[in-house]
Amino acid sequence: MRLRKPRIAPTHVESWNDAQKALAQPLLDKRGTVINIFRTLMNHPDAMKGFMGWGSYVLSKKNSLPAREREIVILRIGFLCGSGYEWTQHRAIGERAGLTATEIEAIKQGAAASHWSAADAALLRATDDLHGSHFVSDASWAALRAHFSEQQCMDVVFTAGQYTQVSMILNSFGVQLDEGQILDPDLDRRGS
């Protein structure tokens, strides 16, 4: 976490206007609650609507990456961006997608962790490239293509890009963990 308190306060249900209620309803139908990222984004309903469209693709079965591989990319980006909120949310999602607790911890080390398959290491290297230079190197691209289709490689870039943006939003707006969540000590980078 970068901030100890929000720069942009999450909205509250009792103050929602009609546009915010319309945005909240599908979340309530699916989850039964509206978590802090969405309650914060509801301060700008038009932006949230656009954000939800693309984000829904990246997290859907339309994304050609299998869920486990998608979560490797998301968690690595969240860690590299120092996004405690993102890491916390996607740690649980990653576990549901088949990542073990050991693998999730190893994501922090990247491809250097010893137990990764060649395909997993290729995902991590490509993600590191995207984070570091906003470009997948030729070597990393070749390693990806050895294990993934062209569309899956495209979805690696789309997923890393989406979750870089998500991390920027979370970090800059100061979105705090939801009730009952615990911050990973490796991501406690709070300033003000």
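What the table below lists for this structure:
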{"read-out": "Wholly within region 1-73, helices (runs of 4 or more DSSP H) carrying at least 2 residues that are in contact (Cβ under 8 Å) with a residue 24 or more places away in the chain, of a type outside the set (D, E, K, R) and over 30 Å from MET154 (Cβ atoms)", "value": "18-31"}
{"read-out": "Per-region count, region 148-176, residues under 12 Å from THR40 (Cα atoms) and either in contact with a Pro (Cβ under 7 Å, 6 or more places away or on another chain) or not in a helix (DSSP H, G or I) (or both)", "value": "4"}
{"read-out": "Considering residues of region 10-41 that are closer than 17 Å to SER167 by Cα and among the hydrophobic types (A, V, I, L, M, F, W, C) only, the residue surrounded by the most Cβ atoms within 10 Å (Cβ to Cβ)", "value": "LEU41"}
{"read-out": "Qualifying residue in region 90-99 (condition: within 17 Å of ASP178 (Cα to Cα), under 13 Å from the mean Cα position of the chain (by Cα), surrounded by 15 or more Cβ atoms within 10 Å (Cβ to Cβ) and among the hydrophobic types (A, V, I, L, M, F, W, C))", "value": "yes"}
{"read-out": "Residue list for region 102-118, filter: over 14 Å from ALA143 (Cβ atoms) and not polar (S, T, N, Q)", "value": "GLU103, ILE104, GLU105, ALA106, ILE107, LYS108, ALA112, ALA113, HIS115"}
{"read-out": "Qualifying positions in region 124-139 - of a type outside the set (D, E, K, R) and either assigned to a helix (DSSP H, G or I) or crowded, with 19+ Cβ neighbours inside 10 Å (or both)", "value": "LEU124, ALA126, THR127, LEU130, HIS131, GLY132, SER133, VAL136, ALA139"}
{"read-out": "Complete set of residues in region 74-111 that are in a loop (DSSP other than H, G, I, E, B) and β-branched (Val, Ile, Thr)", "value": "THR100"}
{"read-out": "Filter result for LEU170 (aliphatic (A, V, I, L, M), under 20 Å from ARG2 (Cα atoms), modelled with pLDDT of 95 or more and surrounded by 13 or more Cβ atoms within 10 Å (Cβ to Cβ))", "value": "yes"}
{"read-out": "Residue identified as surrounded by 13 or more Cβ atoms within 10 Å (Cβ to Cβ) and either more than 19 Å from the chain's Cα centre (by Cα) or not in a loop (DSSP other than H, G, I, E, B) (or both) among ALA121, ALA142", "value": "ALA121"}
{"read-out": "Failed item in (1) at pLDDT 95 or above; (2) surrounded by fewer than 19 Cβ atoms within 10 Å (Cβ to Cβ), with ALA112 passing the rest", "value": "(1)"}
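The values are calculated or read from the model by the stated rules, or taken from the named source; none is laboratory data. Keep in mind it's a predicted model, so treat the numbers as computed, not measured. Positions of Cβ are backbone-derived with ideal geometry, glycine not excepted, and every protein chain shown enters the neighbour counts.
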